[in-house]
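Read through the structure below, which is laid out as structure tokens, and then see the notes.
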Amino acid sequence: MELTFASISDISEAVKTKKISAKEVADHFQKRIGSLDKQLNSFTSINPDSLKQAEALDDRIAKGEDVGLLAGVPFGIKEMLCTKNLTTTAGSKILSNFVPPYDATVVARLKKNGATIMGKLNQDEFAMGSSNETSYHGSVKNPWDTSRVPGGSSGGSAAAQAARLVVGTIGTDTGGSIRQPASFCGIVGVKPTYGRVSRYGIIAFASSLDQAGPMVSTVKDAALTLEVISGHDPMDSTSSQKTVPQWSKNLSQDVKGFKVGVIKEYLKGGLDADTEKTFNDSLEALKTLGAEIVEVSVSMTEFAVPIYYLIATSEASSNLARYDGIRYGYRAEFASLSGVELEDFYGKTRGEGFGSEVKRRIMLGTYCLSSGYYDAYYNKAGQVRRLLTEQYLAAFKKCDVILSPVTTAPAFKIGELISDPLAMYMNDIFTTSTNLAGLPGMSVPYSLSKSGLPIGIQVTANHFDEQRMLNVAAALEASSLMKGQKPHVI
Amino acid sequence: MSYRGYEPVIGIEIHVQLRTNSKIFCADATTFEAADNENVSPVSAGMPGTLPVVNKKAIEFGIKTGLALGCNIRRKSVFARKNYFYPDMPKGYQISQFEKPLCENGQITFKVNGVDKTVTISRAHLEEDAGKSNHSGSYTLINLNRAGIPLLEVVTGPDLRSPSEAAEYGRTIRQIVRYLDVCDGNLEEGSMRCDCNVSVRKEGSKELGTKVEIKNVNSFRFVEKAIEYEIERQIDEIERGGKILQETRLWDPDKNRTFAMRSKEDAQDYRYFPDPDLLPLIVTDEWIEKLRKELPELPIARAQRFQQEHGLPEYDSQVLTTEKSIADYYEETARVSKNYKASSNWIMSELMRELNTANVQIENSPITPTQLGKMIGMIDSGTISGKIAKAVFQEMWNSGKDPEDIVKEKGLVQITDTAAIEKIIDEVLTANAQAVDDHKSGKKKNLFGFFVGAVMKASKGQASPDIVNKILQEKLK
């Protein structure tokens, strides 16, 4: 078995049947990280215990214990997820010294299923960004072209996965942060239905939008990982009680008779030529496979980006209030604390601890929630959000899934948009409405641009209908025009 | 009461600490006596990534209190975030209910100086408590044991008109939450804290004056004193031509005055919004009805029943219903003794005195209500005299024995045998021949009581006073 490109199920099967030890697998990928990550900056820290964890798993297998679906599979975890005894910074200086005393539920479920945690992955600070340039740990480079961004905010996860430094990664998606970097880096990224995956232990950015999901190499791996991390968690009131289907077992490429929706408001132009061609090719491919393309209308998507930024920044301004240097995390230095006014303490600590993008969003969110503005901004945004959701539900009466581009263009150059926050925000035009409506969405790699950059396709489904979304993605994967292509870094 | 032609307008907010075993949004214990920061998990500490999950018991306690206060229970209430920075508030916001509280529009009636007073309850909402800062030299130490303790904030309309009404309102709320067993009512431990909103206006005026909030008063006596002071202070200020500042003040019990804490002019903008980590709180009709059925008879209704069905005086009814445990004790005693007034008398005088002296709660009384009831029954059946009963009572208190056993052991049974009593009387009269003469000749008056005393003494108190009286009257004619 060629370990570098092996699938999750291949590795898990080989480890369980003792064809290879978990330790050998972990060792292989640890070496890859050591030799390749200098070019990418995708890892922020390496788990010093990964080999020990793998060995312990081998012992359990030797004793005949059942070790779960991800036996010995090396995973990288986005910095946004708390890992017990492993530094968790959310890409921010203010948490640069934070070591959680507990595991996020997602991480606990990966461990319970035998995954080896290799380390933590870089990201935009508090997941705020679409390019992975706002991290306290520095920018991540795109493995297909290191002068370009990997996308954000789960850029570290996308880059590490694309370069096969690990076999699976976990990202988080608040407005497209799994799907956009997955598209930029040519991997599969899934944002599940809101409530499908517990948010417990995921550092909150915007609570009503955040959702963790797998960022992996194949649709099958995505289905398998999603099965492991999904399901009700008594520690998260917003997590769903719905049973978790066996998506990987029921995965099928058969889309005959499927109605594939295209949002007509998305067809107004503004796509770069390669992206437009990729999207049209994907529609053609599905048609050839027997699917029917139908036009649907979700007119409120026009407002998705502004609504998203009102809601996300408002919630973030409140969620980030706890970082005050009192109980944990970074604290500004004072010659002596006696005589320091409380406001000055908070001001200096937060002023030094947060980066400029985070400050910009805290300011915006604080303004939106202020008395006198709440009704005009946060409340109004909530009303439009409900209308948007209703329009999606109406659209899903006419189609099984909705297909769209993930981004308007492939990965841009590092530094190209960083000084233009509005242009950067518009990057999320195809992805934010999915979060606002709580729908599952995923990005599946489909083609390469003329300059050799990956372009993904976004598949969106109705609430809790991940199966159909994964099946359409599997069909697209099978007809993908970039099979066998590898990033330059490899 | 008159205040120099001014009328005080008072509203009260009481934070009632609900006596759940765990905190309102996580499983941490709520024990008061825990060591510093012992009851603190990552959730209480507001660690990154942690989430709140609401405690069902806290909701039930909130609903029960709302029902007892005559409130409407909202079928869909919403937890909001109240955003402000404070070192002992770990998340940077407090989870509270704002626009859509659990309970609304109630009212309660209670007696102030014998007159009925009705106060509206505008709302009662659930929220979490903050932690505690302990200032020690140049350090501030933070204890998060309190962070996340469930509170029900009960808010009145501006309906109270005097300090004594305000204090009595507070006592009434305390009485009710203790009856419901949703709060221990322990003000010293901070289980109830009062904020008083006070303003004054010219009598007859309909407009409200500028209100001042007196925060965190921890006794109803202080509520009364603080408001009294504040009314006088405000009137003085107005009479002097000054203006009342809208501000928060604190009560200093040592100096007997309020002082300014902070001006409301730089008041916080709390930026309330629905907490996205918690779904709206949905309460079904069935749930409310189930809880309504669990409500005990409340003190005011119970006092009325004691007056109407037991024929007790208003005073007795009120004393006996101050605490549910006392009312329960009384009802059980009366059930056994079948004598309402005597049961009330014995509890209010003898039992209460002993309990107070020994500092024992009525639940832990060494005399059970059954024992007391039986003893009263023995008086009524003539088995023992009232005087012997006092000795029996003391013995019951000391030993916890049943009254029948005590009477038997000590031979305290009342002598009702007429012949035996007549014999004792004859002996007493013989021994006091001179006095008998004096009595009969009318030389000295009021000697009758002397003979009764002497006979009772000779019988060691066991002779039936009724029979003694009757025979003595015959013999001394």
Residues in the stretch A:360-385 that, when all protein chains are in place, have 10 Å² or more less accessible area than the chain alone would give (probe 1.4 Å)
A:366, A:369, A:370, A:371, A:374, A:378
Against the longest alpha carbon principal axis of chain B, how many degrees, from 0 to 90 and to the nearest 10, is the axis of helix B:220-239 turned?
60
What accessible area per residue, rounded to a whole number of Å², is obtained for chain B using a probe radius of 1.4 Å?
47
Put +1 on the Cβ of every Lys and Arg and -1 on every Asp and Glu Cβ in chain A; which of A:174, A:430, A:288 then has its Cα farthest towards the positive end of the dipole?
A:288
Only protein chains counted, 1.4 angstrom probe. Which residues of the stretch B:23-72 are at least 50 Å² less accessible in the assembly than when their chain is isolated?
B:47, B:48, B:49, B:51, B:53
Dipole magnitude (debye, nearest 20) for the stretch A:83-235, charges at Cβ of Lys, Arg, Asp, Glu
260
In degrees from 0 to 90, rounded to the nearest 10, what is the angle of the helix B:56-68 Cα long axis to the longest principal axis of chain B?
60
Quick one: buried accessible area between A and B, total over both chains, 1.4 angstrom probe, nearest 100 Å²?
2800
Which listed residue (B:114, B:126, B:93) has the Cα farthest towards the positive end of the charge dipole for the stretch B:84-130, taking +1 on Lys and Arg C-beta and -1 on Asp and Glu C-beta about the Cα centre?
B:114
Within the set of other residues whose C-beta is less than 9 Å from the C-beta of residue B:291, count the net charge using Lys and Arg as +1 and Asp and Glu as -1.
+1
At least 30 Å² of accessible area lost relative to the chain alone, listed for the stretch A:315-329 with a 1.4 Å probe
A:318, A:321, A:322, A:326, A:327, A:328
Using a simple charge model, +1 on the beta-carbon of Lys and Arg, -1 on the beta-carbon of Asp and Glu, nothing else, what dipole does the stretch A:377-490 show about its Cα centre, in debye to the nearest 20?
100
Of all accessible heavy-atom area on the protein assembly as shown, the percent that carbon and sulfur account for (1.4 Å):
50
MRE, 222 nm, helices only [DSSP H, n ≥ 4, -39500 (n - 2.57), over chain A, to nearest 500]
-11000 deg cm²/dmol
Over 24 Å between Cα atoms, which of B:117/B:202; A:348/B:91; A:16/A:242; A:120/A:348; A:264/A:287; A:112/B:91 qualify?
A:16/A:242; A:120/A:348; A:112/B:91
To the nearest 10 degrees, how steeply does helix B:324-337 sit against the main Cα axis of chain B, on a 0 to 90 scale?
30
Around residue A:401, which amide H atoms from residues at least 5 apart in sequence, or from another chain, sit under 5 Å from its own amide H, with H modelled in the peptide plane?
A:259, A:261
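The values are calculated or read from the model by the stated rules, or taken from the named source; none is laboratory data. Because the structure is predicted, anything quoted here is derived from the model rather than measured. Virtual Cβ from ideal backbone geometry, glycine too; neighbours counted across all protein chains shown. The area values use the complete protein model at the heavy-atom level, side chains included, leaving out ligands, DNA and RNA. Shrake-Rupley method; radii C 1.70, N 1.55, O 1.52, S 1.80 Å.
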